[in-house]
Amino acid sequence: MTSEIEALAQQLELHPDYKVLRRLTHTSVFNPALAGNKLCRGVVLDTETTGFDPLHDKVIELGMLLFDFDPATGEIHKVLDVFDELEDPGFPIPPATIAVHHITDDMVQGKQIDDEQVNALLKNVVVVIAHNAAFDRPFVEARWPIFETLNWACSIKDIDWREEGFGSAKLEYLLTTQGYFYEAHRAEADCRALLALLNQVLPQSQQTALLVMLETLNKPMKKVYAVGSPFETKDILKARGYRWSPDLRCWNRQLAGDKEMQDELAWLKHKVYGEKKARVEVETLGGTVRYSNREGHKEFVTL
(Lines give C-alpha, C1' and ligand atoms only; values in the text may rest on other atoms or scores of the structure.)
Protein backbone atom coordinates (compact mmCIF):
# COMPACT_ATOMS: atom_id res chain seq x y z
CA MET A 1 0.00 0.00 0.00
CA THR A 2 2.84 2.38 0.88
CA SER A 3 4.49 1.87 -2.51
CA GLU A 4 1.18 2.58 -4.25
CA ILE A 5 0.74 5.87 -2.36
CA GLU A 6 4.33 6.87 -3.15
CA ALA A 7 3.70 6.15 -6.82
CA LEU A 8 0.69 8.48 -6.68
CA ALA A 9 2.80 11.14 -4.97
CA GLN A 10 5.47 10.89 -7.66
CA GLN A 11 2.81 11.21 -10.33
CA LEU A 12 1.45 14.36 -8.69
CA GLU A 13 4.94 15.83 -8.49
CA LEU A 14 5.18 15.71 -12.28
CA HIS A 15 2.23 18.11 -12.57
CA PRO A 16 3.11 21.83 -12.30
CA ASP A 17 -0.05 22.56 -10.28
CA TYR A 18 0.90 20.35 -7.35
CA LYS A 19 3.59 20.12 -4.71
CA VAL A 20 3.98 17.08 -2.50
CA LEU A 21 5.04 17.12 1.15
CA ARG A 22 6.33 13.95 2.77
CA ARG A 23 6.41 13.25 6.50
CA LEU A 24 9.92 13.74 7.88
CA THR A 25 11.18 10.33 8.96
CA HIS A 26 13.72 9.68 11.71
CA THR A 27 17.16 9.34 10.15
CA SER A 28 20.20 8.07 12.04
CA VAL A 29 22.81 8.15 9.25
CA PHE A 30 22.86 11.14 6.89
CA ASN A 31 26.16 10.81 4.99
CA PRO A 32 28.98 8.25 4.97
CA ALA A 33 32.12 9.21 6.87
CA LEU A 34 35.15 9.46 4.59
CA ALA A 35 38.26 7.59 5.72
CA GLY A 36 40.84 9.91 7.21
CA ASN A 37 38.45 12.81 7.79
CA LYS A 38 38.31 14.00 11.38
CA LEU A 39 34.76 14.37 12.67
CA CYS A 40 33.54 16.80 15.32
CA ARG A 41 30.60 16.54 17.68
CA GLY A 42 27.68 18.94 17.79
CA VAL A 43 24.30 19.15 19.50
CA VAL A 44 21.02 20.48 18.19
CA LEU A 45 18.85 21.62 21.07
CA ASP A 46 15.28 22.68 21.66
CA THR A 47 13.34 23.55 24.78
CA GLU A 48 9.71 23.85 25.73
CA THR A 49 9.09 26.27 28.59
CA THR A 50 6.35 27.72 30.77
CA GLY A 51 6.72 31.12 29.09
CA PHE A 52 9.12 33.63 27.57
CA ASP A 53 10.97 35.09 30.58
CA PRO A 54 14.03 33.07 31.70
CA LEU A 55 14.07 34.96 35.01
CA HIS A 56 10.64 33.66 36.02
CA ASP A 57 9.70 30.84 33.62
CA LYS A 58 11.17 27.34 33.56
CA VAL A 59 12.23 24.62 31.13
CA ILE A 60 9.66 21.81 31.11
CA GLU A 61 11.15 19.81 28.22
CA LEU A 62 14.72 19.55 26.96
CA GLY A 63 15.47 17.82 23.68
CA MET A 64 18.96 17.25 22.28
CA LEU A 65 20.43 15.29 19.39
CA LEU A 66 24.15 14.53 19.58
CA PHE A 67 25.66 14.14 16.11
CA ASP A 68 29.02 14.07 14.41
CA PHE A 69 29.96 16.04 11.31
CA ASP A 70 32.82 16.86 8.98
CA PRO A 71 33.94 20.42 9.85
CA ALA A 72 35.57 20.88 6.43
CA THR A 73 32.46 20.12 4.36
CA GLY A 74 29.63 20.63 6.84
CA GLU A 75 28.28 17.18 6.05
CA ILE A 76 26.45 15.51 8.92
CA HIS A 77 27.48 11.91 9.45
CA LYS A 78 25.09 10.39 11.95
CA VAL A 79 23.07 10.83 15.16
CA LEU A 80 25.04 9.51 18.12
CA ASP A 81 22.52 9.97 20.93
CA VAL A 82 18.99 11.24 21.55
CA PHE A 83 17.89 12.99 24.74
CA ASP A 84 14.34 14.12 25.54
CA GLU A 85 13.06 14.55 29.10
CA LEU A 86 10.31 16.46 30.91
CA GLU A 87 10.58 18.42 34.15
CA ASP A 88 8.05 19.68 36.70
CA PRO A 89 8.47 23.48 36.97
CA GLY A 90 6.95 23.53 40.46
CA PHE A 91 3.95 25.64 39.45
CA PRO A 92 1.01 25.28 37.04
CA ILE A 93 1.84 25.59 33.33
CA PRO A 94 -0.08 28.56 31.85
CA PRO A 95 -2.93 27.51 29.53
CA ALA A 96 -1.58 29.73 26.72
CA THR A 97 1.68 27.77 26.56
CA ILE A 98 -0.09 24.42 26.89
CA ALA A 99 -2.01 25.39 23.75
CA VAL A 100 1.31 25.63 21.87
CA HIS A 101 3.25 22.56 23.01
CA HIS A 102 0.42 20.50 24.57
CA ILE A 103 2.51 19.62 27.64
CA THR A 104 0.18 19.46 30.63
CA ASP A 105 0.72 19.55 34.39
CA ASP A 106 -0.11 15.84 34.60
CA MET A 107 2.61 15.01 32.06
CA VAL A 108 5.38 16.72 34.05
CA GLN A 109 4.19 16.00 37.59
CA GLY A 110 7.07 14.80 39.76
CA LYS A 111 9.52 14.58 36.85
CA GLN A 112 13.06 15.98 36.80
CA ILE A 113 15.59 16.14 33.96
CA ASP A 114 18.69 14.07 34.70
CA ASP A 115 21.56 16.56 35.18
CA GLU A 116 24.26 13.90 34.93
CA GLN A 117 22.95 12.73 31.55
CA VAL A 118 22.86 16.31 30.27
CA ASN A 119 26.48 16.90 31.30
CA ALA A 120 27.62 13.56 29.88
CA LEU A 121 25.97 14.14 26.51
CA LEU A 122 27.69 17.52 26.16
CA LYS A 123 31.19 16.12 26.70
CA ASN A 124 33.54 16.96 23.78
CA VAL A 125 30.82 18.94 21.95
CA VAL A 126 32.25 21.82 19.90
CA VAL A 127 28.98 23.66 19.18
CA VAL A 128 25.38 23.80 20.41
CA ILE A 129 22.84 24.80 17.77
CA ALA A 130 19.31 26.06 18.33
CA HIS A 131 16.70 27.55 16.02
CA ASN A 132 16.47 30.89 17.88
CA ALA A 133 19.36 30.45 20.29
CA ALA A 134 18.62 33.81 21.92
CA PHE A 135 15.51 32.17 23.39
CA ASP A 136 16.86 28.75 24.35
CA ARG A 137 20.32 29.69 25.65
CA PRO A 138 19.28 31.90 28.61
CA PHE A 139 16.81 29.22 29.74
CA VAL A 140 19.26 26.31 29.73
CA GLU A 141 22.11 28.37 31.20
CA ALA A 142 19.87 29.23 34.15
CA ARG A 143 19.23 25.52 34.72
CA TRP A 144 22.54 23.89 33.62
CA PRO A 145 25.71 26.06 33.99
CA ILE A 146 27.66 23.79 31.61
CA PHE A 147 25.96 25.55 28.68
CA GLU A 148 27.85 28.76 29.56
CA THR A 149 31.14 27.07 28.62
CA LEU A 150 30.10 26.00 25.10
CA ASN A 151 30.11 27.69 21.71
CA TRP A 152 26.62 28.41 20.39
CA ALA A 153 25.24 29.00 16.91
CA CYS A 154 21.78 30.06 15.82
CA SER A 155 20.17 28.59 12.71
CA ILE A 156 17.93 31.65 12.38
CA LYS A 157 20.46 34.45 12.78
CA ASP A 158 23.63 32.78 11.46
CA ILE A 159 22.16 31.95 8.05
CA ASP A 160 20.85 34.69 5.77
CA TRP A 161 17.72 32.82 4.69
CA ARG A 162 16.38 35.76 2.70
CA GLU A 163 19.64 36.03 0.76
CA GLU A 164 19.36 32.30 0.06
CA GLY A 165 15.92 32.90 -1.46
CA PHE A 166 13.58 31.91 1.38
CA GLY A 167 10.64 34.05 2.48
CA SER A 168 10.76 33.09 6.15
CA ALA A 169 13.17 31.62 8.70
CA LYS A 170 10.50 29.62 10.53
CA LEU A 171 11.56 26.01 10.88
CA GLU A 172 8.25 24.54 9.68
CA TYR A 173 8.29 26.74 6.57
CA LEU A 174 11.92 25.94 5.74
CA LEU A 175 11.21 22.21 5.95
CA THR A 176 8.24 22.55 3.61
CA THR A 177 10.51 24.14 1.00
CA GLN A 178 12.53 20.92 1.16
CA GLY A 179 9.39 18.83 0.69
CA TYR A 180 8.80 17.74 4.29
CA PHE A 181 6.35 18.28 7.13
CA TYR A 182 6.45 17.24 10.79
CA GLU A 183 4.58 17.70 14.07
CA ALA A 184 6.18 20.84 15.50
CA HIS A 185 6.49 22.30 19.01
CA ARG A 186 7.81 19.28 20.86
CA ALA A 187 11.51 19.29 21.65
CA GLU A 188 12.75 16.08 20.01
CA ALA A 189 10.64 16.58 16.88
CA ASP A 190 11.96 20.12 16.44
CA CYS A 191 15.54 18.86 16.93
CA ARG A 192 15.14 16.21 14.25
CA ALA A 193 13.62 18.75 11.88
CA LEU A 194 16.49 21.17 12.48
CA LEU A 195 19.17 18.53 11.91
CA ALA A 196 17.52 17.49 8.64
CA LEU A 197 17.47 21.14 7.56
CA LEU A 198 21.14 21.67 8.43
CA ASN A 199 22.04 18.76 6.15
CA GLN A 200 20.48 20.49 3.11
CA VAL A 201 22.59 22.32 0.52
CA LEU A 202 21.55 25.97 0.26
CA PRO A 203 20.64 27.22 -3.24
CA GLN A 204 22.84 30.35 -3.39
CA SER A 205 25.94 29.46 -1.37
CA GLN A 206 25.91 25.84 -2.59
CA GLN A 207 27.09 24.77 0.86
CA THR A 208 25.29 22.81 3.53
CA ALA A 209 23.29 24.96 5.92
CA LEU A 210 25.47 23.60 8.72
CA LEU A 211 28.71 24.79 7.09
CA VAL A 212 27.32 28.26 6.35
CA MET A 213 26.31 28.58 9.98
CA LEU A 214 29.56 27.21 11.39
CA GLU A 215 31.59 29.70 9.38
CA THR A 216 30.11 32.47 11.53
CA LEU A 217 31.94 30.99 14.54
CA ASN A 218 35.20 32.06 12.90
CA LYS A 219 34.02 35.67 12.76
CA PRO A 220 33.89 37.69 15.98
CA MET A 221 30.30 38.77 16.56
CA LYS A 222 30.24 42.40 17.60
CA LYS A 223 27.63 44.90 18.70
CA VAL A 224 28.02 48.63 18.29
CA TYR A 225 26.17 51.08 20.54
CA ALA A 226 25.54 54.49 18.95
CA VAL A 227 26.01 56.36 22.23
CA GLY A 228 24.71 59.94 22.20
CA SER A 229 23.42 59.78 18.63
CA PRO A 230 21.40 62.89 17.66
CA PHE A 231 17.64 62.43 17.98
CA GLU A 232 17.05 63.39 14.37
CA THR A 233 19.12 60.39 13.18
CA LYS A 234 16.80 57.79 14.74
CA ASP A 235 15.05 57.03 11.45
CA ILE A 236 18.22 56.33 9.47
CA LEU A 237 19.55 54.21 12.35
CA LYS A 238 16.34 52.20 12.41
CA ALA A 239 16.44 51.79 8.62
CA ARG A 240 20.04 50.58 8.94
CA GLY A 241 18.94 47.78 11.26
CA TYR A 242 19.64 49.36 14.63
CA ARG A 243 17.45 48.53 17.61
CA TRP A 244 16.61 50.75 20.55
CA SER A 245 17.78 49.61 24.00
CA PRO A 246 15.51 51.27 26.59
CA ASP A 247 17.79 50.35 29.52
CA LEU A 248 20.89 51.79 27.80
CA ARG A 249 18.94 54.56 26.05
CA CYS A 250 20.80 54.17 22.78
CA TRP A 251 20.58 52.44 19.41
CA ASN A 252 22.62 49.30 18.75
CA ARG A 253 23.32 46.92 15.89
CA GLN A 254 24.92 43.47 15.76
CA LEU A 255 27.60 42.70 13.16
CA ALA A 256 29.78 39.73 12.20
CA GLY A 257 33.45 40.33 11.54
CA ASP A 258 36.07 43.05 12.02
CA LYS A 259 35.72 44.45 8.48
CA GLU A 260 31.98 44.85 8.90
CA MET A 261 32.60 46.72 12.14
CA GLN A 262 35.13 49.09 10.56
CA ASP A 263 32.71 49.83 7.71
CA GLU A 264 29.97 50.47 10.26
CA LEU A 265 32.08 52.86 12.29
CA ALA A 266 32.86 54.84 9.14
CA TRP A 267 29.13 54.97 8.30
CA LEU A 268 28.27 56.18 11.80
CA LYS A 269 30.86 58.95 11.69
CA HIS A 270 29.59 60.20 8.34
CA LYS A 271 25.83 59.63 8.53
CA VAL A 272 25.04 59.91 12.25
CA TYR A 273 27.67 62.09 13.89
CA GLY A 274 28.25 64.40 10.90
CA GLU A 275 32.04 63.88 10.85
CA LYS A 276 32.24 65.28 14.39
CA LYS A 277 34.33 63.58 17.04
CA ALA A 278 32.30 60.96 18.90
CA ARG A 279 32.73 57.90 21.09
CA VAL A 280 30.73 54.73 20.53
CA GLU A 281 30.80 51.52 22.51
CA VAL A 282 31.74 48.20 20.87
CA GLU A 283 30.97 44.84 22.47
CA THR A 284 32.73 41.66 21.31
CA LEU A 285 30.65 38.50 21.69
CA GLY A 286 32.54 35.21 21.39
CA GLY A 287 30.88 31.86 20.81
CA THR A 288 30.58 31.21 24.54
CA VAL A 289 28.73 34.49 25.11
CA ARG A 290 26.66 35.28 22.03
CA TYR A 291 22.92 34.65 22.25
CA SER A 292 23.19 34.58 26.04
CA ASN A 293 22.10 37.31 28.44
CA ARG A 294 25.71 37.76 29.56
CA GLU A 295 27.84 40.67 28.40
CA GLY A 296 30.87 40.33 26.19
CA HIS A 297 34.01 42.47 26.27
CA LYS A 298 33.11 46.17 25.94
CA GLU A 299 35.31 49.09 24.97
CA PHE A 300 34.83 52.66 23.81
CA VAL A 301 36.02 53.59 20.32
CA THR A 302 36.65 57.16 19.21
CA LEU A 303 35.42 58.03 15.72
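The values are calculated or read from the model by the stated rules, or taken from the named source; none is laboratory data. In this text the structure is predicted, and so the values were computed from the model without any measurement. Please note: Cβ atoms are built from the backbone with ideal geometry, for glycine as well, and neighbour counts cover all protein chains shown.
Observations on the model:
- Residues within the range 215-243 that are touching a Ser or Thr at 6+ places or on another chain (Cβ under 9 Å) and more than 21 Å from Asn293 (Cα to Cα), tallied: 1
- Taking the numbered list (1) surrounded by fewer than 16 Cβ atoms within 10 Å (Cβ to Cβ); (2) outside any loop (DSSP other than H, G, I, E, B) in turn, Asp190 passes all entries but (1).
- Of the helices (runs of 4 or more DSSP H) entirely within the range 70-186, those holding at least 1 residues that are within 22 Å of Ala256 (Cα to Cα) occupy 133-143.
- Taken together, the residues in the range 112-133 that are buried (at least 16 other Cβ atoms within 10 Å of the Cβ) and polar (S, T, N, Q) amount to 1.
- The residue that is farthest from Asn151 (Cα to Cα), counting only those in the range 275-299 that are without any contact (Cβ under 8 Å) to a residue 24 or more places away in the chain and of a type outside the set (Lys, Arg), is Glu275.
- In the set (1) surrounded by fewer than 10 Cβ atoms within 10 Å (Cβ to Cβ); (2) over 15 Å from Leu194 (Cα atoms), the condition left unmet by Thr25 is number (2).
- For the range 29-50, the candidate set comprises residues that are more than 30 Å from Ala96 (Cα to Cα), surrounded by 10 or more Cβ atoms within 10 Å (Cβ to Cβ) and at pLDDT 85 or above; within that set, the residue that is nearest to the chain's Cα centre (by Cα) is Gly42.
- Index of the failed condition, Tyr291 passing every other in (1) farther than 17 Å from Val301 by Cβ; (2) assigned to a strand (DSSP E or B): (2)
- Some residue of the range 170-186 being hydrophobic (A, V, I, L, M, F, W, C) and touching a residue at least 60 places away in the same chain (Cβ under 8 Å): yes
The rows are residues; the columns are (1) under 21 Å from Leu210 (Cβ atoms); (2) of a type outside the set (Ser, Thr, Tyr).
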position	(1), (2)
Leu8	no, yes
Tyr18	no, no
Thr27	yes, no
Asp68	yes, yes
Glu85	no, yes
Val100	no, yes
Asp105	no, yes
Gly110	no, yes
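- Restricting the range 270-303 to residues that are closer than 15 Å to Leu217 by Cβ and not polar (S, T, N, Q), the residue that is farthest from the chain's Cα centre (by Cα): Gly296
- Here Ser155 meets the list (1) touching a His at 6+ places or on another chain (Cβ under 7 Å); (2) free of Cβ contacts under 8 Å to residues at least 12 places away in the same chain almost entirely, failing just condition (2).
- Looking across the range 134-151 at every residue that is more than 16 Å from Asn119 (Cα to Cα) and under 10 Å from the mean Cα position of the chain (by Cα), the one that is surrounded by the fewest Cβ atoms within 10 Å (Cβ to Cβ) is identified as Ala134.
- Picking from residues in the range 220-241 that are surrounded by 13 or more Cβ atoms within 10 Å (Cβ to Cβ) and of a type in the set (A, V, I, L, M, F, W, C), the one that is farthest from Met261 (Cα to Cα) is Ile236.
- Residues (in contact with a strand residue (DSSP E or B) (Cβ under 8 Å, 6 or more places away or on another chain) and surrounded by fewer than 16 Cβ atoms within 10 Å (Cβ to Cβ)) located in the range 101-111: Met107, Lys111
- Any hit, the range 244-256, residues being touching a Ser or Thr at 6+ places or on another chain (Cβ under 9 Å) and either modelled with pLDDT under 90 or over 26 Å from Thr216 (Cβ atoms) (or both): yes
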